[in-house]
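The values are calculated or read from the model by the stated rules, or taken from the named source; none is laboratory data. Only a predicted model underlies this, so the values are computations on that prediction, with no experimental measurement involved. Because the Cβ atoms are built from the backbone with ideal geometry, glycine has one as well, and the counts that use them run over all protein chains shown. These accessible areas exclude ligands, DNA and RNA; they are computed on the full protein's heavy atoms, side chains included. Shrake-Rupley method; radii C 1.70, N 1.55, O 1.52, S 1.80 Å.
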Amino acid sequence: MLIAVLENPKYIDNIGNVIRNVNALGVDRLYVVDGLKRLEDDPEALKNRRSLLKMSKGAVKWTEIRRFDTTATCFEALRQEGVVSVGTSPHAIGKQSVALPVSNLTAPQLAIWFGDEANGLSPEALGHCDFCVRIEMNGAVESLNLATTTGIVLYEAVRQRPKQ
């Protein structure tokens, strides 16, 4: 099982774009830590939300999405499922940080965490992750937008995993 986790994304449009990536790449689930309560708890209400329908190009209707109020409750749910958590960060202080092409994203139960658009993953999330992966950057900027990052990292994770 492969799960993408968004920690407190600020923009609904970005969530919709990530849903499109998750669905297109065949990722099993999307978990969203949503402390600002921008998303509905009811999965059916989410599937019919106009902004998500538009930005995901309809993929929200076929994507399993679960909302959490806090990072801690999301990690607890993942822990109960026996899921390995991997963070995405170019600045993983105190954690092993592996360049994406040489990472190992093949754990049978894997969650990949993506931080918010301005600050990345919280120290709490980084603390719970088993290790971090990073996209090597060659230009003047040090990060990509959320949809681009999820597309690149999730593509690599799907590519590495055994075909079922």
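General observations
- Charged-residue dipole, Cβ positions (Lys, Arg, Asp, Glu), the stretch 10-94 about Cα centre, Debye nearest 20: 420
- Here, P(r) means the percent of Cα pairs in each 5 Å bin from 0 to the largest distance; for the stretch 109-164 it is 4, 14, 26, 27, 18, 8, 3, 1.
- The calculated FRET efficiency for the pair Gln109 and Ala24, based on their C-beta separation and a Förster distance of 30 Å, comes to about 0.90.
- Those lysines that a straight Cα-Cα span of less than 21 Å connects to Lys61, excepting residues fewer than 8 apart in one chain: Lys37, Lys47
- P(r), alpha carbons of the chain - 10 Å bins starting at zero, rounded %: 11, 44, 37, 9, 0
- Given charges at Cβ of Lys, Arg, Asp, Glu: the stretch 90-148 dipole, positive-most of Gly115, His128, Asn145: His128
- Taking the accessible area of the chain, probe 1.4 Å, and keeping the other protein chains in place, the carbon and sulfur fraction comes to 51%.
- Taking every full run of DSSP H in the chain, none both stretches at least 24 Å from end to end by Cα along its long axis and averages 0.0 or higher on the Kyte-Doolittle scale.
- Enclosing the Cα atoms of the stretch 32-71 in their convex hull gives a volume equal to 62 cubic angstrom per residue.
- Percent antiparallel among DSSP beta bridges (both partners in the stretch 17-164, rounded to 5): 5
- In this structure Thr88 has an accessible area near 20 Å², from a 1.4 Å probe over the protein heavy atoms.
- More than 23 Å apart - percent of Cα-Cα pairs taken over the stretch 51-139: 33
- Environment charge of Arg67, counting only residues whose C-beta is closer than 13 Å and scoring Lys/Arg +1, Asp/Glu -1: -2
- Residues whose amide H falls under 5 Å from that of Ala111, counting only those 5 or more places apart or on a different chain, are Ile3, Val84, Ser85, Val86, with hydrogens built in the peptide plane.
- Taken over the stretch 1-61, the convex hull of the Cα atoms encloses 73 Å³ per residue.
- Proximal charge balance of Asn48 [Cβ under 10 Å; K/R count +1, D/E count -1]: +1
- Residues in the stretch 54-164 average 55 Å² of solvent-accessible surface per residue, probe 1.4 Å, ligands and nucleic acids excluded.
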